[in-house]
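Below is one structure, written out as C-alpha cells; the observations come after it.
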Ligand code: FES
C-alpha cells in the first residue's frame with residue numbers, strides 16, 4: 001500500500017517521501033516567516049524603554065518600545081549567542097549582556113563590536129492594540 005501511494009505521487013522510496021515532506025515544511029515555514037505578519041502581543045505588553053522576547057513563527061525576536069514606537073530584531077546575539085532581551089536599551093541601541101556588543105534595534109545593524117554580523121530586523125504592524133511582526 002505504501003509503495004503504491006509513493007509510486008502514485010512520483011516517489012519510489014519512503015526516504016524520498018520524508019525528504020519531500022521536510023522540504024515542503026521548510027518552504028511553508030520560510031513563507032510564513034517572510035510573507036505574513038504574526039501577532040506577538042498587545043501594545044500594553046511592551047513597556048516603554050524596555051526589551052521583551054517574543055516568539056515569531058518559531059524564531060525569537062527582541063521587541064523594544066522606544067517612545068511609544070515598536071521595533072524588533074532577532075533576539076540572539078550574532079557574536080556568541082547572548083540573550084539580547086536581557087541586555088540594556090540605550091536610545092535605539094541594544095547592548096548585549098555578555099560582551100557589550102551593540103545593535104541598532106531599528107535596523108538590526110551592528111553599532112559596536114565584538115559582533116561583526118547584523119541582526120535581522122522585523123517589520124512592525126499595529127492593528128488596533130495588537131502588535132504584529134514580519135521578518136525583513
Ligand atoms: S554574545 Fe553578544 S557581544 Fe558576545
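Since every read-out is calculated from the coordinates, none of them should be taken as a lab result. Note that the structure is a prediction, hence the values are computed from the model and not measured. With ideal geometry, Cβ positions are generated from the backbone for all residues, glycine too; neighbour counts draw on all protein chains shown.
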>> As an exercise, use a Förster radius of 22 Å and the Cβ-Cβ distance of residue 130 and residue 92 to find the FRET efficiency, rounded to the nearest 0.05.
In response: 0.45
> Going out from 0 in 5 Å bins, what whole percent of all Cα-Cα distances in the stretch 38-135 drops into each bin?
Replying inline: 3, 16, 29, 26, 16, 7, 2, 0
>> To check you understand DSSP bridge types, tell me what percent of the beta bridges within the stretch 38-135 (both residues inside) are antiparallel, rounded to 5.
In response: 95
> Counting pairs of alpha carbon atoms under 8 Å apart in space and at least six apart in sequence, what relative contact order in percent does the stretch 64-136 give?
Replying inline: 26
